[in-house]
Amino acid sequence: MSRDTVVLGAGMVGVSIAWHLARRGHSVLLVDRRPPGRETSYGNGGLIQREAVRPYTFPRQMGKLLSSIPNRRVDIRYQMSGMFEFAAPLFGYWRCSAPRQYERIIREYASLIELSTQEHAPMIEAAGAGELIGKEGWLEVHRSQAELDLRRHEAEDSARRFGVTHEMLDGAALARKEPALKSGLAGAVHWTNSWSVADPGALVAAYADSFVQLGGEFLQASVQELSQSGAGWRIVTDRGCHEASNLVVALGPWAADWLDELGYRLPAFVKRGYHMHYGKAEGQGLNHWLADADVGYILAPMRAGIRLTTGAELARLDAPPAYGQLAAAERKARELFPGLGERLEAEPWKGARPCLSDMKPVIGPAPRHQGLWLAFGHGHQGFTMGPVTGRLVAEMMEGEPTAIDVAPFRADRF
């Protein structure tokens, strides 16, 4: 059966694109090998990060670079095979993290983040998923007063330039908000216009259900081949062949491999991550999502338990898991929050974030193939930026003015 559009990838980005297109009356088939929201989108920290106007940079301070070499940090680890495989895009990442380039990237990246909660809101309402959302913000906890003071200046700049709201907490104010944390912390930044999500996978699944109610169709199948067919596209899966006028590749960390077969060599790499759910000691709990910012992990009181998520691991997508990073984060988390209970699962979850050298996603038409649209490379913020990406792709496909300038996200910028 011929479709107007086939969207590959049922994470937050792909589901959001499919939803926006279906709402506009397009005939849309959404394809993924797993149910919606069960891959990368499932495993994140569960935050819609309105404050995240500054993407994560490659470390440029000599002290941090040297401290990373022993490979024992919580926020960043590496496997040598991944460092070799991604050497070129990682070098580009390092170059783009230089102050002059980074300042330009912040302005462009922030244009997506500024619309994040605004674009999630109608999808949450349509999906009837309001019970999953908390609007109390989250806490960026600091052990070091110097680091807290640095973030105070950045928070004030983000408020002035990008409309980010926050409250600065000293150690006593933090203790009142989170009495179960250890004493003696410097304080926290309370990011007040970001939202928490009690079950990230369930939110994506709810959006996907809303997409189906709008007339869309979901197919759980593995893609085997992509090719142009006349003026459109032919998609071969293990559950049959499908044709469409438009093909959207929103395959997250797997997108680069498929695009490589079509002749696109984008500077892509992955940052892997791990999580585990924990119980809590009786009478002790967390009132907010929080990050132990000077160490590099998140504690999130979700439906499934308190989720601990690690920082980034630079490794090949298919490399064996290395659980030392999670174990190190757990030790630090028990120090910060003594009420952290036992592990609730036999094995940690492992996933990968799709990244590009300049820290910005690709959103828009492919340069050399009619009817091919790209939407991937959102790094740490695909969950946050999925709905605005969906809106932009739908606007571009219909030839409408876009909500923001999309030139910084063009695929041919490389």
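What follows draws every value from the coordinates through simple rules; no lab data is involved. Just so you know, these numbers come straight off a predicted model, no measurement behind them. Using ideal geometry, Cβ is built from the backbone for each residue, glycine included, and neighbour counts are taken over all protein chains shown.
Observations, loosely collected:
- Label-point separation, GLN220 to TRP349 (7 Å along Cα→Cβ), nm: 1.7
- VAL236 paired with GLU342, simple spin-label distance in nm, labels 7 Å along Cα-to-beta-carbon: 5.1
- Per-residue [θ]222 nm for the chain (sum of -39500 (n - 2.57) over DSSP H runs n ≥ 4, rounded to 500): -10000 deg cm²/dmol
- For region 15-79, the equivalent ellipsoid derived from the alpha-carbon gyration tensor has semi-axes of 38, 16, 10 Å in decreasing order.
- MET359, MET168, MET276 arranged by Cβ crowding within 10 Å, fewest neighbours leading: MET168, MET276, MET359
- Measuring against 26 Å, Cα to Cα, the residue pairs LYS332/LYS360; LYS64/LYS271; LYS177/LYS271 contain LYS332/LYS360; LYS177/LYS271 as the ones spanning a longer distance.
- Region 187-218 residues near the modelled ASP4 label - backbone nitrogen below 19 Å, point 7 Å along Cα→Cβ: 208-218
- Magnitude of the charge dipole for region 114-243, about its Cα centre and with charges confined to Cβ atoms of Lys, Arg (+1) and Asp, Glu (-1), is about 320 debye.
- The charge dipole of the chain, taken about its Cα centre with unit charges on the Cβ atoms of Lys, Arg (+1), Asp and Glu (-1) only, comes to about 840 debye.
- Compared with the alpha-carbon gap, the fully stretched path from ARG303 to MET62 is longer by 82.7 nm at 0.36 nm per residue.
- For region 66-199: rounded, prolate or oblate by the Cα gyration tensor [a/c cutoff 1.5]: oblate
- Between 0 and 90°, nearest 10: helix 116-127 axis offset from the chain longest Cα axis: 70
- For the pair LEU150 and ALA407, the difference between a 0.36 nm per residue extended length and the Cα-Cα distance amounts to 89.4 nm.
- Linear extension gain, ALA327 paired with GLU261, 0.36 nm per residue minus alpha-carbon span: 20.0 nm
- Against the chain, whose longest principal axis is taken from its Cα atoms, helix 99-113 shows a tilt of about 70°.
- Positive-pole candidate from GLY382, GLY230, MET83, dipole of the chain, charges at beta carbon: MET83
- Taking 25 °C and 0.890 mPa s as conditions, the chain diffuses translationally at an estimated 113 µm²/s according to Stokes-Einstein applied to its Kirkwood radius (Cα pairs).
- With respect to the chain, whose longest principal axis is taken over its alpha-carbon atoms, helix 145-162 is tilted by about 40°.
- Cα-based shape type of region 128-199, given that a ≥ b ≥ c are square roots of the gyration tensor eigenvalues and the cut on a/c is 1.5: oblate
- Placing +1 on the Cβ of every Lys and Arg and -1 on the Cβ of every Asp and Glu, with nothing else charged, gives region 23-162 a dipole about its Cα centre of roughly 440 debye.
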